[in-house]
Amino acid sequence: MTRPWQAAAGGIRIAVRVTPRASRDVFLGGTTEHFAARLAAPPVEGAANAALIALVARTFGVARRDVSLIAGETSRIKRLSIAGDASVLAGIAADLYGAGHDG
């Protein structure tokens, strides 16, 4: 089974499909290819990327400095790295994926 996260050195990597200009910030299960994030921020001057990093940090219980955008700066599909205990982060990802899976 494919899933939208994978273990990486020092943490995990996740794929997220972003929908900007939503009514509020929400992080959801998504599909087998990616999580889904709805962001209130518009997709201009990096506002949506900054909001995504803050949302992912809050969701996974890590500092913003532990979340890095590694691909997809101007794309709807983003790849992020989350630094920390890979097993703990993967457990959080699995819970989020199971709770909000819509695909």
(request) Identify the single condition in (1) open to solvent by less than 30 Å² (accessible area, probe 1.4 Å); (2) among the aliphatic types (A, V, I, L, M); (3) touching a helix residue (DSSP H, G or I) at 6+ places or on another chain (Cβ under 8 Å) that residue 22 does not satisfy, given that it satisfies every other one. (result) (3)
(request) Hey, can you tell me all the residues within segment 59-85 that are surrounded by 14 or more Cβ atoms within 10 Å (Cβ to Cβ), assigned to a helix (DSSP H, G or I) and of a type in the set (D, E, K, R)? (result) 66
(request) Among the residues of segment 25-54, count how many are assigned to a strand (DSSP E or B) and open to solvent by 60 Å² or more (accessible area, probe 1.4 Å). (result) 1
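What residue, of 80, 55, 39, is closer than 21 Å to residue 19 by Cβ and touching a residue at least 40 places away in the same chain (Cβ under 8 Å)? Talk me through it step by step, then tell me what you get.
On the way: 55 fails: touching a residue at least 40 places away in the same chain (Cβ under 8 Å); 39 fails: touching a residue at least 40 places away in the same chain (Cβ under 8 Å).
The conditions single out 80.
Any residue at all in segment 5-18 that's open to solvent by less than 70 Å² (accessible area, probe 1.4 Å), touching a residue at least 40 places away in the same chain (Cβ under 8 Å) and charged (D, E, K, R)?
no
Answer with yes or no whether residue 98 is open to solvent by 40 Å² or more (accessible area, probe 1.4 Å) and under 18 Å from residue 4 (Cβ atoms).
Numbers: open to solvent by 40 Å² or more (accessible area, probe 1.4 Å): yes; under 18 Å from residue 4 (Cβ atoms): yes.
Considered against the rule, which asks whether it is open to solvent by 40 Å² or more (accessible area, probe 1.4 Å) and under 18 Å from residue 4 (Cβ atoms), residue 98 comes out as yes.
The values are calculated or read from the model by the stated rules, or taken from the named source; none is laboratory data. Note that this is a predicted model, so its numbers are computed, not measured. Glycine also receives a Cβ, built like all others from the backbone with ideal geometry; neighbour counts cover every protein chain displayed. Just so you know, the surface numbers come from the protein's heavy atoms only, side chains and all, with ligands and any DNA or RNA stripped out. Shrake-Rupley method; radii C 1.70, N 1.55, O 1.52, S 1.80 Å.
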